[in-house]
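What follows is a short report on a single structure.
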Amino acid sequence: MKLIFMGTPEFAVSFLETLHNSRHQVALVVTQPDKPKGRGQKLAAPPVKEKALELGLPVAQPVSLKTPEFHDLIRAQNADLLVVVAYRILPDTLFPLARFGAVNVHGSLLPKFRGAAPVQWAVATGEAETGVTVFQLDKEIDHGGVLARAVTPIGPEETAGDLFIRLQGMGRDALMAALDDLEAGRAKPEPQDHGKSTPAPKLKKEDGLLDFRKPAHHLHDRIRGFNPYPICYAIQAGTGRILRIHAARREPSPPGLMAVYDAVKLGIQLSPDTEIVESGTMRVSQDRHPIIATGEGWLKLLEVQWEGKPRVSGPDFINGLQPAERESLRFQ
């Protein structure tokens, strides 16, 4: 089939390569305009443009997708299908300009996690599994009939960055299967159950702020889900210093320590020498990692970074503190 590929970030590059190396023809690549980058603010091409030029494919970078000129360009390709991977919302006036309309590869099991960050939110909310969905585009966002899907479990320590890599391969396979079905005339789009939809909005830096009144498993999921972006962080009480938390793990209560919320929830009789600490309070574990009391259990910090400083391991973080800080550090 003759295809028009639409995508922008690194995630979309491998899909473009797969289509280029297949029996299908990529007639045109559409991507976002170049943007200023770095200290010098020099214009930088998006990853999909760089790959398209490397492959010798024509590239269009429209500022607007609604202009008559862009519609004329798409119409002139006489394409069978628009293939969209991590691009932007298309006006529905483009769909009739290709024989089979447009399909999108989405990083979730639609209708769950509709929106710009499905992979991150699936991990951050503690989902046990996720996957990819190839579906037909229509007037509404992530709404059309499903052509192919693939399911995978989410590992207990897996980050969104790890999951992205796995989903790329699954998404390429699902896309190629959907193209085969469309071309052979056997595609039967399955309507989504819109009553089961959940949102996956675009991530903001503020989404990474941790609330230590929440259970440790909740915080652990958010730290995994927001890695590599926006990276979760905590604010030191009294100073406002920001500690970025790149990796952490749930931890049972250490001997002689109990988070105040745990003590209340469990309603257990505590020995007189058990120290009750408020959520957000840091202590040092037996293996010299920082551990923080939460609304349920403790969170062991494996890799952290004071804002403006290098990333360090948990033990190195402890070694960098003054002795008094190791017993007084607390986060909001």
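The values are calculated or read from the model by the stated rules, or taken from the named source; none is laboratory data. Quick caveat, the model's predicted, so the values are computed rather than measured. Cβ atoms come from the backbone with ideal geometry, glycine included; neighbour counts cover every protein chain shown.
Between a first residue in segment 168-193 that is closer than 14 Å to Leu82 by Cα and a second residue that is surrounded by 15 or more Cβ atoms within 10 Å (Cβ to Cβ) and aromatic (Phe, Trp, Tyr), which pairs have beta carbons less than 7 Å apart while being 6 or more apart in sequence or on different chains?
From residues that are closer than 14 Å to Leu82 by Cα, the pairs are Leu175/Phe15; Leu182/Phe100.
Would you call Ala234 more than 17 Å from the chain's Cα centre (by Cα), closer than 19 Å to Glu278 by Cβ, modelled with pLDDT under 95 and crowded, with 22+ Cβ neighbours inside 10 Å?
Taking the combined requirement at face value, the residue does not satisfy it.
Considering only residues that are in contact with a Leu (Cβ under 8 Å, 6 or more places away or on another chain) and among the small types (Gly, Ala, Ser), which ones fall in segment 23-44?
Matches in segment 23-44: Ala27 only.
Scanning segment 271-298 for residues that are over 15 Å from Ile235 (Cβ atoms) and of a type in the set (A, V, I, L, M), which turns out modelled with the highest pLDDT?
Ile291
Could you give me the residue pairs with C-beta distances under 9 Å whose first residue belongs to segment 213-236 and is on the phi > 0 side of the Ramachandran plot, whose second residue is at pLDDT 95 or above and hydrophobic (A, V, I, L, M, F, W, C) wherever it lies, and which are 6+ apart or on separate chains?
Within 9 Å, the pairs are Ile231/Ile223; Ile231/Ile245.
Of the residues Ile154, Ile223, only one is within 26 Å of Gly115 (Cα to Cα) and not assigned by TED's automatic domain parsing to the domain that holds Tyr87; which?
Ile223
Looking at Ile268, is it modelled with pLDDT under 85 and either in contact with a Leu (Cβ under 6 Å, 6 or more places away or on another chain) or assigned to a strand (DSSP E or B) (or both)?
Spelling it out, it is not the case that Ile268 is modelled with pLDDT under 85 and either in contact with a Leu (Cβ under 6 Å, 6 or more places away or on another chain) or assigned to a strand (DSSP E or B) (or both).
With the requirement that a residue be more than 22 Å from Ser14 (Cβ to Cβ), of a type in the set (Lys, Arg) and in a loop (DSSP other than H, G, I, E, B), what does segment 62-118 give you?
Lys66, Arg99, Lys112
Being surrounded by 18 or more Cβ atoms within 10 Å (Cβ to Cβ), within 23 Å of the chain's Cα centre (by Cα) and part of a loop (DSSP other than H, G, I, E, B), is that true of even one residue in segment 168-187?
No, the conditions are met nowhere in segment 168-187.
Has segment 98-106 got at least one residue that is surrounded by 15 or more Cβ atoms within 10 Å (Cβ to Cβ), assigned by TED's automatic domain parsing to the domain that holds Gln192 and at positive phi?
Yes; the residues of segment 98-106 include at least one that is surrounded by 15 or more Cβ atoms within 10 Å (Cβ to Cβ), assigned by TED's automatic domain parsing to the domain that holds Gln192 and at positive phi.
Within the group Asp34, Asp72, Asp80, which residue is in contact (Cβ under 8 Å) with a residue 12 or more places away in the chain, surrounded by fewer than 14 Cβ atoms within 10 Å (Cβ to Cβ) and either out of contact with any helix residue (DSSP H, G or I) (no Cβ under 7 Å at 6 or more places or on another chain) or not assigned by TED's automatic domain parsing to the domain that holds Glu183 (or both)?
Residue meeting the stated conditions: Asp34.
With respect to Arg39, determine if the residue is under 18 Å from the mean Cα position of the chain (by Cα), in a loop (DSSP other than H, G, I, E, B) and within 30 Å of Gly225 (Cα to Cα).
Answer is no for this residue.
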